């Protein structure tokens, strides 16, 4: 599956799960770990955990083996590593505190997952 197709699948999964403030950051050339970071906000720890679990399950159904995931024990911030895309599902306080959008702020090439 092409990266662009995977991005659309993950976006659809998160949209269906009522993720808030979904943003896709193009970090090619800025990160040696991944090409894209998708950031989404949940309304509760349970919502964050459910969204991350849904992403993991649905991509496995598509035949994609996730590289790993972190943060399921707390639920404030769950990271799902899909290789070319790293998905960050966060509580509002964690998202505000870590401010990944500012940290990885791209130039004018920012890709907005909501467009």
Inset, instruction - Please work out which residue is farthest from residue 85 (Cα to Cα), limiting yourself to the stretch 1-23 and to residues that are assigned to a helix (DSSP H, G or I) and more than 12 Å from the chain's Cα centre (by Cα). - result: 16
Inset, instruction - Kindly indicate the residue of the stretch 24-57 that is without any contact (Cβ under 8 Å) to a residue 60 or more places away in the chain and touching a helix residue (DSSP H, G or I) at 6+ places or on another chain (Cβ under 7 Å) and also farthest from residue 86 (Cα to Cα) among those meeting that condition. - result: 42
Inset, instruction - Count, please, the residues in the stretch 39-79 that happen to be within 22 Å of residue 105 (Cβ to Cβ) and crowded, with 20+ Cβ neighbours inside 10 Å. - result: 4
Inset, instruction - Select from the stretch 58-77 the residues that are under 21 Å from residue 93 (Cβ atoms) and out of contact with any helix residue (DSSP H, G or I) (no Cβ under 8 Å at 6 or more places or on another chain) and write down the one among them that is modelled with the highest pLDDT. - result: 70
Legend entry - Residue, modelled with the lowest pLDDT, within the stretch 80-115, restricted to residues that are in a loop (DSSP other than H, G, I, E, B) and loosely packed, with under 13 Cβ neighbours inside 10 Å: 114
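The values are calculated or read from the model by the stated rules, or taken from the named source; none is laboratory data. Just so we're clear, the structure is a prediction, and the values are computed from it rather than from any experiment. Note that each Cβ is placed from the backbone with ideal geometry, even for glycine, and that neighbours are counted across all protein chains shown.
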